[in-house]
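Enquirer: Okay, handing you the structure first.
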Amino acid sequence: MTMTQPIRTSVAGPTGVRRLFAAPAPDLASHLAAFGPMPAAFDEGHLIAELDDSGLTGRGGAAFPTWRKLIAAAESVPSKRGPAVVIANGAEGEPLSRKDATLLRSAPHLVLDGLLLAAATIRAGDVVLYAPASSFEPVARAIAERPDAGRVRLVAARDTFLSGEASAVVSAVGGGPAIPRDHPARLTDAGLRGAPTLVQNVETLAHVALLARFGATWFRQAGTPDDPGTRLVSLSGDLPVPAVFEVPGGVPLADALGAAGASVDGLRAVLVGGYHGAWVPASALSTRLSMQELAPFGATPGAGILMALGTHRCGLDAAAEIAAYLAGQSARQCGPCANGLPRLADVLRRLAARDRAEWLPGEVDRLARLVAGRGSCHHPDGTSRMVLSALTVFADDVREHLAGRCVVTS
Ligand code: SF4
């Protein structure tokens with residue numbers, strides 16, 4: 001069997017970029033007809049070797065090598081802390097992300113294939129799919145069709161920015177609040193109820209299901225050597241066709257945006273990686289969506305989020321709006337979130353509102369650097385990254401605002 005479309009819920013576009021439609025989920029028979037059955041018997045060592053060879057990294061944002069996480073959980077299983085737990089994480093607290101919800105609607109069987117395979121690999125005693133309740137209907141229907149999925153528990157994720165952070169996921173699945181927790185031990189050593197816990201993004205699990213069928217060589221037919229395979233991206237902002245697309249690894253930003261109908265001429269910048277990401281100016285949209293090429297901008301592919309900012313939009317306004325949202329989303333457990341982020345958001349708001357106090361840009365810079373690296377989770381770091389990159393990419397706006405003008409209106 002040859003498979004050339006990694007996730008065949010989409011249609012081919014002109015650049016090898018494919019749009020993922022939130023079409024009704026295929027039933028089990030259609031799913032098996034599209035992808036074929038999972039291998040009847042598989043060797044765990046072989047699967048982990050294929051994952052290693054494939055170069056698959058987590059698609060939830062952290063880009064951790066998938067095989068390493070799987071083997072860490074598998075090796076913790078003989079502990080005395082109870083059987084392992086595997087959690088498929090479909091919580092997209094990030095307001096700009098739609099890919100996981102779209103995938104769960106359009107290919108729930110593929111996610112379940114990967115989840116059950118991960119569960120078998122680490123000998124999990126508890127198998128959970130954690131996602132917003134709005135994604136449950138197609139997943140529950142898929143579970144009901146499969147005799148092997150009866151033990152999958154659905155746990156509803158809250159619609160908050162931090163609900164998908166791994167330690168927040170474990171807390172929420174355990175009945176606690178969906179907020180990040182201090183976790184000196186790795187979750188793969190001691191997670192839910194102290195048991196080894198593998199938290200894996202749902203898109204990553206879909207790729208695992210395909211790799212088990214078709215192998216690492218097939219996976220690497222798409223993408224680049226440094227960023228193999230495909231990834232789902234959520235395109236939003238000032239675009240004619242905001243949607244979820246499947247793109248090859250390392251696709252130029254302009255090509256991905258072009259699939260959504262964007263012309264580079266109509267854009268000022270793109271926020272890459274979501275609200276915790278960084279801005280890339282329109283002059284650099286030939287940059288590839290890869291770790292290496294995005295590094296000079298302080299960005300990463302993250303969870304595949306691209307938000308376009310049109311030439312009619314003020315960059316400082318956009319950044320201030322996001323910073324205010326992020327300041328309101330922290331759990332306020334740590335100093336940088338309780339005090340630093342609200343102050344940072346307020347000073348940036350004044351700059352965006354063309355308050356002409358000369359000290360404002362320096363204070364935004366100082367506060368952004370002050371909060372970074374001081375929280376229990378990466379929320380202050382991500383907020384700092386987005387704000388600092390706004391000061392760089394929108395330096396013209398800063399100058400104009402201090403003069404009481406704005407580049408998009410003056
Ligand atoms: S850094 Fe902020 S979001 Fe993270 S745990 Fe502390 S208070 Fe919560």
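The values are calculated or read from the model by the stated rules, or taken from the named source; none is laboratory data. All figures in this text were calculated on a predicted structure; none of them were measured in a lab. Every residue, glycine among them, receives a Cβ derived from its backbone with ideal geometry; neighbour counts consider all protein chains shown. Side chains are part of the model used for accessible areas, which takes the heavy atoms of the whole protein and leaves out ligands, DNA and RNA. Shrake-Rupley method; radii C 1.70, N 1.55, O 1.52, S 1.80 Å.
Enquirer: Which of the residues belonging to segment 340-376 are open to solvent by less than 20 Å² (accessible area, probe 1.4 Å) and within 13 Å of the ligand (Cβ to nearest atom)?
Expert: Gly340, Leu341, Leu344, Val371
Enquirer: Right, next: Within the set of pairs 6 or more residues apart or between chains, which connect a residue that is on the phi > 0 side of the Ramachandran plot inside segment 112-131 to a residue that is open to solvent by 10 Å² or more (accessible area, probe 1.4 Å) with Cβ atoms less than 6 Å apart?
Expert: From segment 112-131, the pairs are Arg123/Val77.
Enquirer: In addition: Does Val241 fit the bill of being over 19 Å from the mean Cα position of the chain (by Cα) and not assigned by TED's automatic domain parsing to the domain that holds Glu165?
Expert: In short, yes.
Enquirer: Tally time: how many residues in segment 132-150 are in contact (Cβ under 8 Å) with a residue 24 or more places away in the chain and more than 27 Å from Glu94 (Cβ to Cβ)?
Expert: 4
Enquirer: Could you please find all residues in segment 250-269 being touching a Ser or Thr at 6+ places or on another chain (Cβ under 6 Å) and buried (at least 24 other Cβ atoms within 10 Å of the Cβ)?
Expert: Selection gives Leu253, Arg268.
Enquirer: Then there's this: Checking Pro225 against (1) assigned to a loop (DSSP other than H, G, I, E, B); (2) open to solvent by less than 20 Å² (accessible area, probe 1.4 Å), which single condition isn't satisfied?
Expert: Going through the list (1) assigned to a loop (DSSP other than H, G, I, E, B); (2) open to solvent by less than 20 Å² (accessible area, probe 1.4 Å), Pro225 breaks only (2).
Enquirer: Does segment 234-247 contain at least one residue that is within 16 Å of Leu56 (Cα to Cα) and of a type outside the set (D, E, K, R)?
Expert: yes
Enquirer: I need the full set of residues from segment 174-208 which are at pLDDT 90 or above, within 16 Å of the ligand (Cβ to nearest atom) and buried (at least 21 other Cβ atoms within 10 Å of the Cβ), in order please.
Expert: Hits for segment 174-208 are Ala178, Leu187.
Enquirer: Restricting to segment 290-309, and then to whatever is of a type outside the set (A, V, I, L, M, F, W, C) and crowded, with 16+ Cβ neighbours inside 10 Å, can you tell me which residue is nearest to Met386 (Cα to Cα)?
Expert: Selected residue: Gly298.
Enquirer: Same structure, new question: Could you tell me how many of the residues in segment 368-408 are out of contact with any helix residue (DSSP H, G or I) (no Cβ under 7 Å at 6 or more places or on another chain), closer than 18 Å to Arg356 by Cα and charged (D, E, K, R)?
Expert: The qualifying residues number 4.
Enquirer: Determine whether Asp317 is more than 16 Å from the ligand (Cβ to nearest atom) and open to solvent by less than 10 Å² (accessible area, probe 1.4 Å).
Expert: no
Enquirer: Separate question: Within the group Ala73, Ala119, Ala140, which residue is in a helix (DSSP H, G or I), buried (at least 22 other Cβ atoms within 10 Å of the Cβ) and out of contact with any helix residue (DSSP H, G or I) (no Cβ under 8 Å at 6 or more places or on another chain)?
Expert: Answer to the selection: Ala119.
Enquirer: A follow-up question, please. Restricting attention to segment 152-170, does a residue exist that is within 16 Å of the ligand (Cβ to nearest atom), in the same structural domain as Ser30 (by TED's automatic domain parsing) and over 22 Å from Gly304 (Cα atoms)?
Expert: yes
Enquirer: Limited to segment 228-241, what total is found for residues that are open to solvent by less than 10 Å² (accessible area, probe 1.4 Å) and either among the hydrophobic types (A, V, I, L, M, F, W, C) or farther than 22 Å from Val251 by Cβ (or both)?
Expert: 3
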